[in-house]
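Values in this text are rule-based calculations from the coordinates and carry no lab data. Bear in mind the structure is a predicted one, so any value in this text is a computation, not a measurement. Methodologically, a virtual Cβ is constructed for each residue, glycine included, from the backbone with ideal geometry; neighbour enumeration extends over all protein chains shown.
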Amino acid sequence: MPIQFIHYPSEDAILASWAVREREDELRSLLHKSMQNKALLESITTIKSSSRRKEKIAARLLLQFLLDANVSLLYDKYGGPVLSESRFNCSISHTHDQVVVMLDKKRRIGVDVEHLNGRALRLYSKFMSESEIAQMETDRMKHACIVWSAKEAMYKWYGKKQVSFKENLKVPIAQLDNSGKITSYFRKEEESIDLELTYFKVGEFIYTYCLSSN
């Protein structure tokens, strides 16, 4: 298992990432029985992309590594990951053979990984507000990718559907860097919450995580 890094955002949280290099059959052979839920594995089989199938399996393997125990990965009615027989909240993201898992004992969390390939910049008008667009710096591709990743992490933190990335999630960036913290805002009907997001760049990927207050 090629671990990219392990990071501890707090005494109750752990975040880890690794790159998928194994064949699909090798990955499947490493799964504990508790992770070999028939319905879930059948749903993975229906995914046409081999790389996406491997990322899904690798996420379960990373959970096995972090928890060092037999746990089952389930999903709630909104599609969010839930761990059976575990006291951890869980968030998962994967793209381009990169898998990241975040666990926290006490708080709601959201994690995201995005590839710096220009996709976010092509789509920025769909998820960024006018004020966010006005703040875009010279490196517009990285700026758009950080905002997109931040909003994905916030969306996973919220854990429910019916969220407008453009209207409900606000990510003002005063200064762009390869790592940093952003005070962001979740605004939806009666809910108004300030959130601190952390982002950092590793190679060609942007990682972002969001934790709520206790």
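Geometric descriptor of the chain, per residue, is 128 Å³ (volume of the convex hull of the Cα atoms).
The fewest-to-most ranking of Glu24, Glu114, Glu85, Glu132 by surrounding Cβ atoms within 10 Å reads Glu85, Glu24, Glu132, Glu114.
Mean sequence separation of contacting Cα pairs (under 8 Å, at least six apart), scaled by the length of the chain, corresponds to a relative contact order of 16 percent. Of Lys105/Lys188; Lys54/Lys188; Lys48/Lys106; Lys48/Lys105; Lys142/Lys188, which ones are farther than 32 Å apart at the Cα? Checking Cα-Cα distances, Lys54/Lys188; Lys48/Lys106; Lys48/Lys105 exceed 32 Å. Sorted fewest first by neighbouring Cβ atoms within 10 angstrom, Val202, Val71, Val147, Val99 come out as Val202, Val71, Val99, Val147.
Mean sequence separation of contacting Cα pairs (under 8 Å, at least six apart), scaled by the length of segment 169-214, corresponds to a relative contact order of 29 percent. Here Lys151 is the anchor, and the aspartates and glutamates within straight C-alpha reach of less than 14 Å, apart from those fewer than 8 places off in the same chain, are Asp112, Glu114, Glu132, Glu167, Asp194, Glu196.
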